[in-house]
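What follows is a single structure, written as structure tokens, with notes after it.
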Amino acid sequence: MRMYVAGEWRSADREDEIRSPWSGEVVDTVPRASAADAERAVAAAVQGALAMRRLTAYDRQQILNRAADLLEDACEDVARTISLEEGKPLSEALGEARRTPDLIRLAASEGARMHGETLPLDAAAGAEGKLGFTLRVPCGVVVAIAPFNYPLLLVAHKLAPALAAGNAVVLKPASQTPLTALKLTELLLAAGLPTNALQTITGSGGELGPALCSDERVRKISFTGSVDVGRMIAGAAGVKKLSLELGANCPVIVLPDADLDEVAAATAAGGYVNAGQVCISVQRVIVDERAYGDFLEALRTRVEAIAIGDPLAEGTQLAALVSEGEAERVEGTIRGAVDAGARLLTGGSRDRGVVAPAVVADVPEETALWRDELFGPAVAVRPVSGVEEAIAVANDTRYGLGAGIFTRDVTSAMRFVREVDAGNLHVNWTPLWRADLMPYGGLKGSGIGKEGPRYAVEEMTELKTVVFHGVNGGGS
Ligand code: NAP
């Protein structure tokens with residue numbers, strides 16, 4: 001496919017092959033954009049921002065609703081593209097594709113609710129007779145940089161609110177998964193989006209990112225990806241609005257009154273969906289020692305039943321990681337924990353890009369498997385004594401995206417929600433759960449800002465304060 005910059009579908013001197021993580025076969029090629037393309041994209045977005053500003057909220061909503069309808073019709077084709085380029089099972093890709101039209105519609109309606117408020121200026125000394133109010137306006141040019149793991153959903157979580165709020169966007173999808181973003185771009189244009197309102201530029205984030213992020217014509221950066229890249233973007237951004245949705249290492253606490261079969265079933269899903277390549281994946285399970293042995297056995301049985309195979313084949317639940325290099329890294333991290341004294345109950349072996357889903361018990365706290373983000377199909381488990389220690393262990397991380405607790409005890413659950421430092425807290429489920437309307441974003445090293453259409457529209461807009469002083473600066 002070609003990239004979409006300055007109103008044209010363009011190729012470039014250099015091309016990148018997009019290969020299926022499962023088969024290694026070339027799915028398609030995309031241009032590798034140059035610095036000149038990045039410059040062209042921002043310049044066109046400045047024009048696009050003017051065009052978007054002139055559209056009414058009604059028109060923006062109509063365009064996005066039409067795009068949602070078109071995506072609904074194209075769901076199966078888009079899901080196949082997601083599965084081919086990202087590697088996730090087709091059933092998961094279909095789930096991702098089918099929820100995205102509603103997300104776009106939700107954003108469309110939020111864009112039609114950009115309220116300001118009146119200011120009670122007569123409550124200020126010397127402000128008698130003045131009239132004050134706020135106006136919520138688009139930021140202008142938004143740079144949206146997306147990760148590989150949800151190539152449609154996470155791109156839509158940026159594009160839809162940004163466009164609904166009247167901005168123009170320069171979108172840089174992940175190098176591994178640009179095809180889905182390009183298909184979404186086609187649908188938005190077919191729905192009537194103004195020519196320059198969207199630039200979808202393909203190529204290396206390392207090459208394009210610094211110029212896009214430091215450009216003074218860009219007013220807002222919305223980034224989802226790793227902590228390291230997030231830090232680089234924050235350094236390059238200068239004076240801009242910034243949303244950073246970064247990495248995680250999500251804990252789940254299991255107290256002895258929980259239904260262990262239910263916990264095992266939820267963990268066997270929450271730790272291994274998309275081969276564990278989810279920012280809210282279950283990574284650390286912190287189990288009261290009274291339930292430890294029974295929980296490990298229940299989890300091992302469930303995890304051994306996960307069906308590994310071709311992502312396009314029916315029934316497949318787990319396929320390859322995004323690249324063989326990532327699979328090697330994940331295998332090495334599991335091995336490192338075992339070398340440090342952990343017990344491997346199942347999985348952990350690697351066949352090219354596939355890592356067999358693993359359960360690792362008694363994982364020492366100082367290992368990378370316990371401390372860092374894994375982003376792979378393994379769950380690390382440790383015993384603790386009581387809820388106080390469980391909460392302390394859950395918080396002993398630089399991340400704070402999601403956390404869960406399983407218990408029927410309301411007092412423990414309340415303590416958990418008050419004391420665990422994470423952006424999304426789940427009582428009687430794992431952190432791997434999201435409704436697209438929720439405010440969603442991390443605390444601590446997991447980032448800054450919230451996604452979810454209502455909150456993203458707020459982050460992609462600015463407030464102007466207006467004061468009417470009346471004739472000669474006096475009252476009415
Ligand atoms: P990544 O390596 O950080 O890449 C994310 C995006 O940043 C890609 O489009 C990448 O382009 C681009 N990029 C790379 N270097 C850049 C630079 N110097 N300046 C600007 N952009 C640059 O992350 P990933 O491997 O795709 O995704 C996995 C990470 O995302 C995990 O840490 C995961 O936890 C996190 N994530 C967080 C959330 C959340 O909501 N908090 C959701 C999903 C994923 P290239 O692909 O061309 O390198």
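The values are calculated or read from the model by the stated rules, or taken from the named source; none is laboratory data. Bear in mind the structure is a predicted one, so any value in this text is a computation, not a measurement. Counting neighbours? That spans all protein chains shown, and the Cβs are built from the backbone with ideal geometry, glycine included. Areas reflect the complete protein model, heavy atoms only, side chains present, ligands, DNA and RNA absent. Shrake-Rupley method; radii C 1.70, N 1.55, O 1.52, S 1.80 Å.
Can you find a residue that is open to solvent by less than 30 Å² (accessible area, probe 1.4 Å), more than 19 Å from A165 (Cβ to Cβ), more than 9 Å from the ligand (Cβ to nearest atom) and in contact with a Cys (Cβ under 7 Å, 6 or more places away or on another chain) anywhere in region 220-228?
There is no residue in region 220-228 that is open to solvent by less than 30 Å² (accessible area, probe 1.4 Å), more than 19 Å from A165 (Cβ to Cβ), more than 9 Å from the ligand (Cβ to nearest atom) and in contact with a Cys (Cβ under 7 Å, 6 or more places away or on another chain).
List, please: which pairs have Cβ atoms under 9 Å, are six or more places apart or on different chains, and start with a residue in region 234-259 that is under 24 Å from V417 (Cβ atoms) and among the charged types (D, E, K, R) and end with one that is in a strand (DSSP E or B) and within 10 Å of the ligand (Cβ to nearest atom)?
Short answer, once both residue conditions are applied: E245/F223; E245/T224; E245/Y440; E245/G447; E245/E451.
Please go through region 229-264 and pick out each residue that is more than 7 Å from the ligand (Cβ to nearest atom), more than 30 Å from R408 (Cβ to Cβ), among the charged types (D, E, K, R) and not in a loop (DSSP other than H, G, I, E, B).
Matches in region 229-264: R231, K241.
Any idea which of A38, A45, A33, A12 is over 24 Å from L90 (Cα atoms), open to solvent by 10 Å² or more (accessible area, probe 1.4 Å) and among the small types (G, A, S)?
None of the others qualify; the one that does is A12.
Please specify each residue of region 260-278 satisfying the condition of being open to solvent by 30 Å² or more (accessible area, probe 1.4 Å) and either touching a residue at least 40 places away in the same chain (Cβ under 8 Å) or among the basic types (K, R) (or both).
Within region 260-278, E262, A269, V273 qualify.
Output the qualifying pairs, or none if there are none: Cβ atoms under 8 angstrom, residues six or more apart or on different chains, first residue in region 105-126 and in a helix (DSSP H, G or I), second residue of a type in the set (K, R).
Taking only residues 6 or more apart or on different chains, the pairs are A108/R60; E110/R454; G111/R60; L121/K130; D122/K130.
Is it the case that E216 is open to solvent by 10 Å² or more (accessible area, probe 1.4 Å), near the ligand (Cβ under 10 Å from one of its atoms), touching a residue at least 12 places away in the same chain (Cβ under 8 Å) and of a type in the set (D, E, K, R)?
no
Regarding region 368-383, can at least one residue be identified that is free of Cβ contacts under 8 Å to residues at least 40 places away in the same chain and open to solvent by 10 Å² or more (accessible area, probe 1.4 Å)?
Yes.
Every residue, every condition in (1) open to solvent by 50 Å² or more (accessible area, probe 1.4 Å); (2) within 16 Å of the ligand (Cβ to nearest atom), yes or no:
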| site | (1), (2) |
| --- | --- |
| A57 | no, no |
| E96 | no, yes |
| R99 | yes, yes |
| F133 | yes, no |
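If the requirement is being more than 22 Å from L401 (Cβ to Cβ), over 24 Å from the mean Cα position of the chain (by Cα) and of a type in the set (S, T, N, Q), which of these qualifies: T316, T301?
When all the criteria are applied, what remains is T301.
If you scan region 158-174, which residues turn out to be touching a helix residue (DSSP H, G or I) at 6+ places or on another chain (Cβ under 7 Å) and within 13 Å of the ligand (Cβ to nearest atom)?
V170, L171, K172, P173
For E207, only one of the following conditions fails: (1) surrounded by fewer than 18 Cβ atoms within 10 Å (Cβ to Cβ); (2) free of Cβ contacts under 8 Å to residues at least 60 places away in the same chain. What is its number?
Every condition holds for E207 apart from (2).
May I ask you to list the residues in region 319-336 that are of a type outside the set (S, T, Y) and within 23 Å of the chain's Cα centre (by Cα)?
A319, A320, L321, V322, E324, G325, E326, A327, R329, V330
Within region 405-416, is even one residue farther than 20 Å from I221 by Cα, open to solvent by 30 Å² or more (accessible area, probe 1.4 Å), of a type in the set (A, V, I, L, M) and within 12 Å of the ligand (Cβ to nearest atom)?
No, because not a single residue in region 405-416 is farther than 20 Å from I221 by Cα, open to solvent by 30 Å² or more (accessible area, probe 1.4 Å), of a type in the set (A, V, I, L, M) and within 12 Å of the ligand (Cβ to nearest atom).
Could you say which residue among A181, A146, A124, A112 is under 15 Å from R60 (Cβ atoms) and modelled with pLDDT of 95 or more?
Criteria check complete, one pass: A112.
Which ones in region 420-442 are under 14 Å from the mean Cα position of the chain (by Cα) and either part of a loop (DSSP other than H, G, I, E, B) or more than 10 Å from the ligand (Cβ to nearest atom) (or both)?
Of everything in region 420-442, those that are under 14 Å from the mean Cα position of the chain (by Cα) and either part of a loop (DSSP other than H, G, I, E, B) or more than 10 Å from the ligand (Cβ to nearest atom) (or both) turn out to be G423, P431, L432, W433, R434, A435, D436, L437, M438, P439, G441, G442.
Going by the structure shown, is L106 open to solvent by 40 Å² or more (accessible area, probe 1.4 Å) and closer than 30 Å to P311 by Cβ?
Judged against the criteria, L106 is a match.
Of all the residues that make up region 136-157, how many are within 14 Å of the ligand (Cβ to nearest atom) and of a type in the set (K, R)?
Qualifying residue count for the region: 0.
For residues that are open to solvent by less than 20 Å² (accessible area, probe 1.4 Å), among the small types (G, A, S) and touching a helix residue (DSSP H, G or I) at 6+ places or on another chain (Cβ under 8 Å), tally how many sit in region 313-353.
Within region 313-353, residues that are open to solvent by less than 20 Å² (accessible area, probe 1.4 Å), among the small types (G, A, S) and touching a helix residue (DSSP H, G or I) at 6+ places or on another chain (Cβ under 8 Å) number 6.
Being assigned to a loop (DSSP other than H, G, I, E, B) and surrounded by 20 or more Cβ atoms within 10 Å (Cβ to Cβ) is the filter; apply it to region 450-475 and report the residue that is nearest to the ligand (Cβ to nearest atom).
That would be G452.
Out of all the residues in region 182-202, is one or more within 13 Å of the ligand (Cβ to nearest atom), in a loop (DSSP other than H, G, I, E, B), in contact (Cβ under 8 Å) with a residue 24 or more places away in the chain and open to solvent by less than 30 Å² (accessible area, probe 1.4 Å)?
Looking for residues that are within 13 Å of the ligand (Cβ to nearest atom), in a loop (DSSP other than H, G, I, E, B), in contact (Cβ under 8 Å) with a residue 24 or more places away in the chain and open to solvent by less than 30 Å² (accessible area, probe 1.4 Å), one finds at least one in region 182-202, hence yes.
Residues being more than 16 Å from S243 (Cα to Cα) and either of a type in the set (A, V, I, L, M, F, W, C) or surrounded by fewer than 24 Cβ atoms within 10 Å (Cβ to Cβ) (or both): count how many of those fall in region 164-173.
Qualifying residue count, region 164-173: 2.
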